[in-house]
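Asker: Have a look at the structure that comes next, please.
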Amino acid sequence: MYVECYDEVGAQVYDTILRQTLQDLNLARAISAVKIFIDPREALFIGVVKLEKASGIILLPDIASYKTEKDTLKIKVEDENYIPHLLKALWQSEGRNNINQPNRYTIEIPNPTFNPKTYIVHDPAEELKQKVYDAIFRIMPEGFRMTKNASQDNLICIMSSDEIIDEKWNEKFHEVIEEVKNK
């Protein structure tokens, strides 16, 4: 974890904010490298985070058994830990009004539009990325709403300013990305 700033006191403050934010969001173990570059004189913030590998996606057959009866998919949940994830995913894909839950472990969907064998219930990598974006936006200075996102694979890369992002900053942005990528 590293914060780069021309002002040593400012760098220490940002280091504290970074560490506290990562701790608050329980992200410390999920991140292998972080670099924050901030230059208040140029109104420039760069945050690059390298993620550890997340566990694999959870498919419907991983957590439940299912069968189709008269055009209705009946799901019997076997791992209750994923019920909130399953319901959220189903509500998004099928609409909340089309999901019937007669009891805690049973879900019925008339005329489903998805293949139950390949239906993604939960993607931990996506959830991790969302939490890291949340952390970066908490750390970013107030008012820095002009952003450039160069995220790829296991890197979350954000450059931000309160002004239109100047092309001259791209070199520093790519320098920070390469530094974190190679850690």
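The values are calculated or read from the model by the stated rules, or taken from the named source; none is laboratory data. Just so it is clear, the model here is predicted, and its values are computed rather than measured. No Cβ is skipped: glycine too gets one built from the backbone with ideal geometry, and neighbour counts run over all protein chains shown.
Rundown of residues vs (1) at pLDDT below 95; (2) among the aromatic types (Phe, Trp, Tyr); (3) within 17 Å of residue 3 (Cα to Cα), yes/no style:
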site	(1), (2), (3)
104	yes, no, no
113	yes, no, no
125	yes, no, no
137	yes, yes, yes
143	yes, no, no
164	yes, no, no
180	yes, no, yes
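Asker: Taking segment 155-174 on its own, how many of its residues are free of Cβ contacts under 8 Å to residues at least 60 places away in the same chain, in a helix (DSSP H, G or I) and surrounded by 13 or more Cβ atoms within 10 Å (Cβ to Cβ)?
Answerer: Residues in segment 155-174 being free of Cβ contacts under 8 Å to residues at least 60 places away in the same chain, in a helix (DSSP H, G or I) and surrounded by 13 or more Cβ atoms within 10 Å (Cβ to Cβ): 2 in total.
Asker: Can you spot a residue in segment 133-149 that is touching an Asp or Glu at 6+ places or on another chain (Cβ under 7 Å), assigned by TED's automatic domain parsing to the domain that holds residue 67 and not β-branched (Val, Ile, Thr)?
Answerer: No, the conditions are met nowhere in segment 133-149.
Asker: Does segment 137-148 contain any residue that is touching a residue at least 24 places away in the same chain (Cβ under 8 Å), surrounded by fewer than 16 Cβ atoms within 10 Å (Cβ to Cβ) and within 19 Å of the chain's Cα centre (by Cα)?
Answerer: Scanning segment 137-148, I find at least one residue that is touching a residue at least 24 places away in the same chain (Cβ under 8 Å), surrounded by fewer than 16 Cβ atoms within 10 Å (Cβ to Cβ) and within 19 Å of the chain's Cα centre (by Cα), so the answer is yes.
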